[in-house]
Every structure is written in C-alpha cells, then in structure tokens.
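To start, the structure itself, in structure tokens.
The values are calculated or read from the model by the stated rules, or taken from the named source; none is laboratory data. Keep in mind the model is a prediction, meaning the values are calculated, not measured. Note: ideal-geometry Cβ built from the backbone for every residue, glycine included; neighbour counts use all protein chains shown. For accessibility, only protein heavy atoms count, side chains too; no ligands or nucleic acids. Shrake-Rupley method; radii C 1.70, N 1.55, O 1.52, S 1.80 Å.
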Amino acid sequence: MTKTIQLSTKTPEETQAVGRSLGAGARPGDIFLLTGPLGAGKTCLTQGIAKGLGVEGYVRSPTFVIMTRHHGRLTLHHVDLYRMAGPEEAWDLGLDEQLSGDGICVVEWADRAAELFPGSSLWVDLAYRGDEDSDVDRRTLSFSGGQPHLRAVLEELSAAYPIDNRLELEKDV
Ligand code: ADP
Ligand code: MG
C-alpha cells in the first residue's frame, strides 16, 4: 500500500477547491472511493471534482437514485452506496460497467462494498477534525492508493492545505 497523504481544509470552499484540482488532473478510468461519516464533505468534494472535470451545473448527492451521470471533459459517474446493505446488492447495480469504462467514478460510502473496486483506486477518507473550541469547520482528508498522476496532484495539495498543528499552540496562549 502507498503512503497516506493527508491535508486539512477549513471551509467547504477549500474542500471543493481540493476536488477541483483532482478533477482537473483526473485521467480516464480514475476511481475515487470516498468514506467518512454523514456530513463529512463527500458530496462537497465530489462537487469540486465535477467542476474540475468541466461539468456544468450543480452536483447533488445521488442517495435516492444511487447513481447519476454528468458530462464534462470526461464522463463523471457519481455513486452513493449509503443505502446498500452490502457488496452483493452493489454488484447488482451493474457497477462494473462504470468501473471499467473510460469515465471517472466517484463512489460515496465505498466502504460498503470495498471488495468491488480495483486496487488502483484512490481511497479518500474525510473526518471531522473535532476542535470544539474553534468555530472553524475543519476536515481532515486522508488519501491512500491511486495512480501516480493523482498522487502528484495530492503532494502539491498537501503542501497548500497542511494539517495545522498551530491549534495546539493557540490553546496554550
Ligand atoms: P457528505 O456527502 O459526506 O454526507 P456533504 O458534502 O453533503 O457531506 O456535507 C458537508 C457539510 O459540511 C456541508 O453542509 C458543508 O457546508 C459543511 N462543511 C463545513 N466545513 C466543511 C469543510 N471544511 N469541508 C467540507 N464541508 C464542510
Ligand atoms: Mg453525500
């Protein structure tokens, strides 16, 4: 397994901007597997990826329809497995067609069907940073796996959105 790359965002706009860079750098067949609790920012990141792919219009979470398709520089398949009981049910969706095509797949709640996805996929875990004293809504994004061209983008992003340790220092002042 590759090294995990982490970054931190302070606002939904920053999370979208991270997505936009990933979308701009994406190549045919890239698969983004998103995990993390409700409200962590999976759809927010996907909206950025869509913008980076040149998709026009607003990308909503496809929770009720499971899968939506958007057209940009490449086709974006946006999947939400929140309602899936397990991999068998997800397999029945016929996801393999999207996963092996030359579009881009973004899968929210991908951990519900982890074994369906190729080993070259990029896993993205979003977590609440949990600094209760602050009114800044931080999220930590952790990336593992993925193709070299996306990891190159991520190395740059992790420098632009570093995990901020100053919070600890501020508390001591
Ligand atoms: P999910 O798809 O993981 O359930 P959403 O992207 O739909 O989550 O919702 C994330 C919510 O958190 C949005 O209301 C967004 O405005 C808010 N938010 C606050 N701070 C951030 C941040 N740093 N990154 C992403 N979303 C954030
Ligand atoms: Mg969502």
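Considering segment 12-26, the residues that are open to solvent by less than 10 Å² (accessible area, probe 1.4 Å) and in a helix (DSSP H, G or I) include one that is farthest from Ala152 (Cα to Cα), namely Thr15.
Scanning for something polar (S, T, N, Q), within 16 Å of ligand 2 (Cβ to nearest atom) and touching a helix residue (DSSP H, G or I) at 6+ places or on another chain (Cβ under 9 Å), does segment 64-80 turn up at least one residue? No, segment 64-80 contains no residue that is polar (S, T, N, Q), within 16 Å of ligand 2 (Cβ to nearest atom) and touching a helix residue (DSSP H, G or I) at 6+ places or on another chain (Cβ under 9 Å).
When each of Leu99, Leu81, Leu33 is tested for being hydrophobic (A, V, I, L, M, F, W, C), open to solvent by less than 30 Å² (accessible area, probe 1.4 Å), more than 16 Å from ligand 1 (Cβ to nearest atom) and over 20 Å from Arg129 (Cβ atoms), the lone residue that passes is Leu99. Scanning segment 106-116 for residues that are out of contact with any Asp or Glu (no Cβ under 7 Å at 6 or more places or on another chain) and open to solvent by less than 20 Å² (accessible area, probe 1.4 Å) turns up Val106, Val107, Ala110, Ala113. Pairs are defined by a Cβ separation below 7 Å, a sequence spacing of at least 6 or placement on different chains, a first member in segment 59-83 that is closer than 13 Å to Gly23 by Cβ, and a second member that is assigned to a loop (DSSP other than H, G, I, E, B) and at pLDDT below 95; the pairs so defined are His70/Val59; His78/Val59; His78/Pro62. Scanning segment 32-59 for residues that are more than 15 Å from Trp123 (Cα to Cα) and more than 9 Å from ligand 2 (Cβ to nearest atom) gives Gln47, Gly48, Ala50, Lys51, Gly52, Leu53, Gly54, Val55, Glu56, Gly57, Tyr58, Val59.
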